[in-house]
Structures are given as structure tokens and as C-alpha cells.
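What follows is calculated from the coordinates using simple rules that are stated; it is not laboratory data. Note that this is a predicted model, so its numbers are computed, not measured. Heads up, the Cβs are rebuilt from the backbone with ideal geometry, glycines too, and the neighbour counts pull from every protein chain shown.
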Amino acid sequence: MRIGILTFHDGINFGAYLQVFSLKQCLTELGHDVKVIHYKKYGFLIKEYIHFIKRKHSYGQNITKINKFHKVFKHLNLTKHYNDVKKIKEDFDVVFFGSDEIWNINSTATSMDTAYFGNGIPGKAKFVSYGPSFGSTKQGDKKLEEIKPLLDRYSSISVRDYNSQKIVTNLTGEEPTLVPDPTFLIDQYERIKYPTIDEKYVIIYASVIKDEDIEIVKAYCKEKGLMLISLGIKYSWADKSVIGISPFEWLGWMKNAEYIFTSMFHGTIFSIILNKNFTVFMDPYRLNKFSYLIDFLGLDNRIYHNNPNAIGTSIDYDNLNKRINDFSLQGKNFIKAALTKINES
């Protein structure tokens, strides 16, 4: 089949890149001709880069990171750029929507761009959603009524969190499948680029972190005699900040860490995939996205505010990896069933 993927694919963000790369790779390995639809309104693009540049990084590190991301975009098999989905020229059999918060109708970045629900996409392609999230959108939001008819065109719908599942159920009368993030669908290890560093270190990967949590992280590193490295964001209280890296280099820094502290969705996901011991400082904004992941894998004890003993303890991955494999299989089975349904229709 000729498959297109529509998601947030080209932000300078490690998790955003790896989720679309993983979904594209999974579909390709199933034997399909897959392209990522290079769609983004110019307003959204400008907002993304302004947000990125405003972060506390040096100009040089910003440029290095942007350049490295642009080099790996080649792995996505992008279409030409479209500012308007109505102008898409490719003739797809299926368009996959997701993952990421593409259905967050209250996002200030996208300004409720209904193209991410399929509105305006030409042709007769069947629509499938794989793990999108409504993010901070709550049930009962009046703007959801505009979305309801757009979901009728979908052949199969899946989402990645409880909040999104309840919203779709209320809108369609049918409960969508819950699936894992696409990064669980493929083997990530072969793409890792490891750093060259002699010191043993702890990673902090967090865009939001409280002062009291900072002190906890610093105390842990001091007690263990470990270097503290911040990934992706410059923090003066870290021993070192690593900014100008590609997503695959980011994986290497994560994999080699002695321990990981994070408040990020994909920071948590890759701590799990890479079998690392970790602690989550729950960011209220991301709470909806975390719910199903944490519940399915039984990892609520890694959230600091639920369990002060979550720091420094080891995770039994010998047992957890069975659940992780089941989690991955759940996503793969949804994709296969969705494509079989389209083939038979």
C-alpha cells in the first residue's frame, strides 16, 4: 500500500522525531511504500523555531542541533512541503494520523488545525489514527463538536491515553483502541550513537522541574559520586549540558546513563525501552499523556510524588520486559488489523 503519515514530524525535538521515524519504519518493515507528509503551516513553523531559540542555549549549540536534525530528516522519506493539505499531490491508499498531540485542539501552536484530523485532504485515502493524543483538551469542550464529523471518515481509530479514549468514545459512540507510542514498535538499539565520555553520569531530561526536585537530583549525584548531565536544555546547576546532538546521539546519552531523572513523556518511554532505572517528576501538563503508559506497565511507583522511595531503586526488567513486549505487540496488532480491514473493504 501507499501510506502517508501526518503528524508533528519536523520539530527540533528528540521524542517528536523518534515517534514518527518509528511509525514510518514499522510500516516500511511491513512491506508498504511509506512517506511522511511534509505539512506544516508557516505560522506553526515560526512559533516552533521562536520557542526553540528562546531556550537557554548558546547560539552555536542551537545551530548545531538544528543542522543535525535536518540531516536525519532524510530518513523520513518526506513529500514536498505543503502549507495547505488541499494541495497534496500524492495519491495515498491510507493516511495514518499520529502519534503526538496532533489532536490537541487547544494547542496555541496549531490553533486548532483540523487538517490533523483529515479535514481538506484530497483523494480517496482511508484514514487510520495511530496513538494521537488530545493533550490538555478536556471532555465537554465545545470545540469538540467540530471534530465529531471528521472522525466518521476513519476506518480505524486508536489513541494513546485514557483522556483521548474517553473523548473519542463520547464523540463516536465507539471506544478506540489504546496503543503504545510508536517508539515501542521497532528495535531502537541498532541506531544508537554512543557518546565518548569516561565519567559515569546521571541524566536530567526535563523542560519543567521544581526547585525542590533539582535539589533531590543534585543530592543523589553527590551521594553516588556521579556527574550530572542535562540533555537538550541548558541548566546552570548541572555539571554539563549537552544540546547540539541528533536524536540518535540523544539515545546514546540516555543508554549510557547510570540513572535518569525526567519530566518528559519520551524521557520516560526511552528510559523503559532502554531498560534504565529512572524517576519521573510529573509535569501536570503531561499527566494525561502518561496515564495509560504508567498503568499498563505498572510503573506508578517511579513517579516521585506518589512514592518518595522511587529514587535510586532498581527496576526488575527481567519481569517488566514481558509487559513491554506485550505492549509493543498491542500496537503492531492494531496496525495489522487496520490495514487488513482496509484491504478487505
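Lys and Arg at +1, Asp and Glu at -1: add these up for the other residues within a Cβ distance under 15 Å of Ser314 and post the number.
0
For the chain, list the DSSP H helices whose alpha carbon atoms reach 24 Å or more along the long axis and whose average Kyte-Doolittle value is 1.6 or above?
None pass (Cα extent of 24 Å or more, hydropathy at least 1.6).
When we measure straight from the Cα of Lys74, which lysines land under 19 angstrom away, once same-chain ones fewer than 8 places off are left out?
Answer for Lys74, where 19 Å is the Cα cut-off: Lys24, Lys35, Lys40, Lys65, Lys193, listed by chain and number.
With +1 assigned to the C-beta of every Lys and Arg and -1 to the C-beta of every Asp and Glu, and no other charges, what is the dipole magnitude of the chain about the Cα centre in debye, to the nearest 20?
1000
Add -39500 (n - 2.57) for each DSSP H run of 4 or more in the chain, then divide by its residues: what number comes out at 222 nm, to the nearest 500 deg cm²/dmol?
-12000 deg cm²/dmol
With N residues in the stretch 189-314, what two-decimal value do you get for its Cα radius of gyration over 2.2 N^0.38 Å?
Relative to the rule-of-thumb radius for its length, the stretch 189-314 sits at 0.99.
Residue by residue through the stretch 132-144, which ³J(HN,Hα) values in whole Hz follow from phi under the Karplus form 6.51 cos²θ - 1.76 cosθ + 1.60 (θ = phi - 60°), with glycine and proline marked x?
Karplus-based 3J(HN,Hα) across the stretch 132-144 equals x, 10, 7, x, 7, 4, 10, 4, x, 4, 4, 5, 5 Hz.
Please give the charge dipole size of the stretch 189-314, origin at the Cα centre, charges +1 on K and R Cβ atoms and -1 on D and E Cβ atoms. Round to the nearest 20 debye.
240
Between Thr313, Thr183, Thr262, where does the largest GNM mean-square fluctuation fall for the chain, given springs only between Cα atoms within less than 10 Å?
Thr313
Can you list the residues, at least 5 places off or on another chain, whose amide H is less than 5 Å from the amide H of Lys126, using H built in the peptide plane?
Val94, Val95
For the stretch 273-345, build the charge dipole from Cβ charges (+1 Lys, Arg; -1 Asp, Glu) around the Cα centre, then report which of Leu297, Ile311, Thr340 sits farthest towards its positive end.
Going by the Cα projections, it comes out as Thr340.
State to the nearest 20 debye the size of the charge dipole of the stretch 1-148 about its Cα centre, where the only charges are +1 on K and R beta carbons and -1 on D and E beta carbons.
The dipole magnitude comes to about 480 debye.
Order of Ser345, Ser241 from fewest to most other C-beta atoms within 10 Å?
Fewest-to-most ranking of Ser345, Ser241: Ser345, Ser241.
Give the calculated FRET efficiency between Glu258 and Lys234 to the nearest 0.05, with a Förster radius of 25 Å applied to their Cβ-Cβ distance.
It comes to 0.70.
Which net charge results when you count Lys and Arg as +1 and Asp and Glu as -1 among the other residues whose beta-carbon is under 12 Å from that of Val20?
Taking every other residue near Val20 into account, the sum is -1.
Kirkwood Rh, Cα Rg: Rg to Rh for the stretch 132-261?
Checking Rg against Rh, the ratio lands at 1.13.
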